[in-house]
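All remarks here apply to the structure that follows.
Coordinate-derived values only; no laboratory data. From a predicted model like this one, the values you see are computed outputs, not experimental measurements. Because the Cβ atoms are built from the backbone with ideal geometry, glycine has one as well, and the counts that use them run over all protein chains shown.
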Amino acid sequence: MKHRFTSPRRRALLLGAAALSVAGVSQAQSADPIKVGVILPMTGPSASTGKQIDAAIKLWMSQSGGKVGGRKVEVLIKDDAGVADTTRRLAQELVVNEKVAALAGFGLTPLALASAPIATQSKTPMVVMAAATSSVTEASPFIVRTSFTLPQASVAIAEWAPKNGIKRTVTLVADYGPGNDAERFFADRFVLNGGQVLEKLRTPLRSPDFAPVLQKVRDAKPDALFVFLPSGQGAQFMKQFGERGLDKAGIRLIGTGDVTDDDQLNDMGDVALGVVTSHHYSAHRNTPANKKFVTEFEAMNKFRPNFMAVGGYDGIRLIFRGLEATKGSGGEALLAAMKGQIIDSPRGSILIDGQSRDIVQDISIRKVERRDGQLWNVEFDTIKQVKDPGKLK
Ligand code: PHB
């Protein structure tokens, strides 16, 4: 007859097996990768933003070994083609199905805004690596930003221009969030400094035609045209600026550095020479940290990093820093751990302001010059640790 009760020896064996399987489960759990969901425009009109950020993340993964505290970090890259409904759907899927510790990417303002409610509802940190309208960080308490803001970049050139012979300007911006910010913050500061804005022109975000607005600029005969166009549109704009002879007509070109984007600058030709812009990153920056970044980035990707790449690189580093502090947890703990971080970036020291969750960084004034046969944004003046002026209003 069989014993109804397990013998002490058998019980010990069973307990041992149970303990083993518990250990096995917890081992499997901690060996599970920590997932980070990155949504980028890898195709469509903003594909260069996706290409740059993707390349920067891959660089960091290879430099860091892709691990936090011995645990693998898996980065899931999803292509939204720059369409907001797709961004929102992908964010939802990454949170619900993949249980990502953080969302990241967001190549344009409308894409970040579309995903913000998902970050809020699921309490998932959302690291904005590209979008740059000031108000983006206010769309969710779970957003932190590692790119820049248009007010941050625009005010610096509005300070520089009137001191350098530019008294009358026309502004030209892409007609959506960051363009509105650039137009307003440039014009307000420029007028405060005694300048005059003759006309405020706008082009649509999608398929802009620069010919009619450039004709208006020619007719208005300003000392300079101030321009903000999103990354990816600079080369086409610059070509038409030259073709329509605005440079020959003595109209100077100034703007935020999006228009002389390092992704396209080298192919723009002589028309870009002398263009003065303000921005937070130039691949030309002559510091050991930047030289190392540019050299390793180019060795891996065969193209020059631009300001989008730096936003992505610092964004993934910020996520790693946060995950180190939380030992791999996402959610509110990760958000808290990312606030107040200081990172030694290729662009210089950056701070994620604990209160606004926005970036504080240096902004430089740069002029396009040819050096060793290549075009670069050569920095010649720097304003230290600029907070987003959009938050001060
Ligand atoms: C934006 O949509 O927020 C954006 C995109 C590209 C830029 C700047 C801002 O270069």
A student applying the Cα gyration tensor rule (rounded when a/c is under 1.5; otherwise prolate if a/b is larger than b/c, oblate if not) would label the stretch 175-298 prolate
Heads up, the chain by the C-alpha gyration tensor (a ≥ b ≥ c square roots of eigenvalues; a/c under 1.5 rounded, else a/b over b/c prolate, else oblate) looks prolate
Restricting to Cα pairs under 8 Å and 6 or more apart, the percent relative contact order of the stretch 290-393 works out to 16
For the table Lys216/Lys367; Lys216/Lys248; Lys221/Lys248; Lys35/Lys72; Lys167/Lys221, the rows whose alpha-carbon distance is greater than 19 Å are Lys216/Lys367
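Is it possible to state the helix-based mean residue ellipticity at 222 nm for the chain, with each DSSP H run of 4+ residues giving -39500 (n - 2.57), the sum divided by total residues, to the nearest 500 deg cm²/dmol? What is it?
It comes out at -13000 deg cm²/dmol, rounded to the nearest 500.
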The size of the Cβ-based charge dipole (Lys, Arg +1; Asp, Glu -1) of the chain about the Cα centre, to the nearest 20 debye, is 1480
Links exceeding 29 Å between C-alpha atoms in this model, out of Lys163/Lys200; Lys302/Lys384; Lys99/Lys391; Lys99/Lys384; Lys51/Lys239; Lys239/Lys302, come to Lys302/Lys384; Lys99/Lys391; Lys99/Lys384
Cross-link reach from Lys78 to aspartates and glutamates, straight Cα distance under 13 Å and at least 8 residues apart if same chain, gives Asp54, Glu93, Glu98
Looks like the stretch 299-367, by Cα gyration tensor root eigenvalues a ≥ b ≥ c and the a/c under 1.5 rounded cutoff (else prolate when a/b is bigger than b/c, oblate otherwise), is oblate
Phi angles of the stretch 168-175, converted by Karplus (6.51 cos²θ - 1.76 cosθ + 1.60, θ = phi - 60°) into ³J(HN,Hα) in whole Hz with x for Gly and Pro, give 10, 10, 10, 10, 9, 9, 5, 7
To the nearest 0.05, the calculated FRET efficiency linking Lys248 and Leu192 through their beta-carbon distance, R0 being 35 Å, is 0.65
Rounded to whole angstrom, the alpha-carbon centroid of the stretch 313-373 lies from that of the stretch 35-109 at a distance of 16
For the chain the mean separation of alpha carbon contacts under 8 Å (6+ apart) over residue count, i.e. relative contact order in percent, is 17
Computed over the chain: longest principal axis from alpha-carbon atoms vs helix 234-243 long axis, angle to nearest 10 degrees, is 10
Contour minus Cα-Cα span, Thr287 to Glu332, at 0.36 nm per residue, comes to 12.7 nm
